[in-house]
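Below: the structure, in structure tokens.
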Amino acid sequence: MTTVLEPVERPGRVRSFLKLVAIEHSVFALPFAYLSALTAMQVHGGRVRWLDLLLITVAMVGARTFAMAANRILDRRIDARNPRTANRELVTGAVSVRTAWTGAVVALVVFLATAALLNPLCLALAPLAVVPLVVYPYGKRFTNWPHAILAIAQAVGPVGAWLAVTGTLAGSGPAWLLGAAVGLWIGGFDLIYACQDSEIDQEIGVHSVPARYGRRFALHASTVAHVITFALFIWFGALVGFGWLWWIGLAFTAVAFGYQHLVVSPTDLSKVNRAFFTANGFVGIALFVFALLDLVIRLGLRG
């Protein structure tokens, strides 16, 4: 009796590429870009400029897609040696290196073209924004603090969104404050996430805070980063004059931060993904929603 094997349908290249770059994780950074842009719009006229928001969205997704694709390409040999990452698309062959580079280049072109459509200042600064995106994958090869490079890369989003609306560096102080908060927030939870690989990183020579200083130190450093993050959120809200709705959003954020640090310990990393995806996704969405309500209700931001 002959057994007929059904062919296994492989996902399309586009779908596999989107999985490679984890496109859904854009939810972490996008809300803060919107928050920065809408605050700038309120300061400069009080009207929502929908085209600017669309272009900011495209630019953010383009930059993040390029960063993730470059990261996966440059780290594919490291990923192959780590059991946790050995099933990533470039390791298994679900996505070819050529396809990944093609996607990365397209995403980079989209980012630069969108910056050009926004204003001359954004176009001039766009290459500088790309630098930490490219340096970050190499960071784990020469520094124990690659998380700091990631923080710088993520801080660019709110600043860029503000400049996209205003076209000038003048008066952009709140954006830099928000950018610092976002950078520390994401850098802080990257410290938690990296704890999963501390032992294998030591074996294969990958640098990180957990690998060099231990998980306990990394988790303490993450706590400090998030305490400073929360203080910067408070400062930002006070600086731009947010009302009580913003402070309610911050209260929810404090709970999410606390939960994130309670469920992860140096001896129990089983809930890292819950802390990473659930808690951090909630932080971005909650703060944005409450800030948006504040802008609409109290300050009269209108379409």
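The values are calculated or read from the model by the stated rules, or taken from the named source; none is laboratory data. Predicted, not measured: the structure shown is a model, and the values here were computed from it. In this analysis, Cβ positions are derived from the backbone assuming ideal geometry, glycine residues included, and neighbour counts consider all displayed protein chains.
Data table
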quantity: Flag if Phe257 is out of contact with any Leu (no Cβ under 6 Å at 6 or more places or on another chain), over 21 Å from Leu38 (Cα atoms) and either modelled with pLDDT of 90 or more or not in a loop (DSSP other than H, G, I, E, B) (or both); calculated: yes
quantity: Residue within the range 174-190 that is free of Cβ contacts under 8 Å to residues at least 60 places away in the same chain and surrounded by fewer than 20 Cβ atoms within 10 Å (Cβ to Cβ) present; calculated: yes
quantity: Scan of the range 66-84 for residues that are closer than 25 Å to Ala153 by Cα, touching a residue at least 60 places away in the same chain (Cβ under 8 Å) and either part of a loop (DSSP other than H, G, I, E, B) or not aliphatic (A, V, I, L, M) (or both), ordered by number; calculated: Phe66, Asn71, Asp75, Asn82, Arg84
quantity: Filtered residues of the range 90-112 (kept if in a helix (DSSP H, G or I) and buried (at least 21 other Cβ atoms within 10 Å of the Cβ)); calculated: Leu90, Ala100, Gly103, Ala104, Ala107, Leu108, Phe111
quantity: Residue pairs meeting the criteria (Cβ under 8 Å; at least 6 apart or on separate chains; first in a helix (DSSP H, G or I), in the range 278-299; second of a type in the set (Lys, Arg)); calculated: Val296/Arg302
quantity: Subset tally (residues that are part of a loop (DSSP other than H, G, I, E, B) and touching a Gly at 6+ places or on another chain (Cβ under 8 Å)) for the range 36-65; calculated: 2
quantity: Residue list for the range 113-147, filter: of a type in the set (S, T, N, Q) and assigned to a helix (DSSP H, G or I); calculated: Thr114
quantity: Of all residues making up the range 148-177, the number that are part of a helix (DSSP H, G or I), farther than 30 Å from Arg212 by Cβ and polar (S, T, N, Q); calculated: 1
quantity: Filter result for the condition that a residue is out of contact with any His (no Cβ under 7 Å at 6 or more places or on another chain) and among the β-branched types (Val, Ile, Thr), over Val240, Val209; calculated: Val240
quantity: Candidate set from the range 46-90 (those that are of a type in the set (A, V, I, L, M) and farther than 28 Å from Cys195 by Cα); member that is modelled with the lowest pLDDT; calculated: Val48
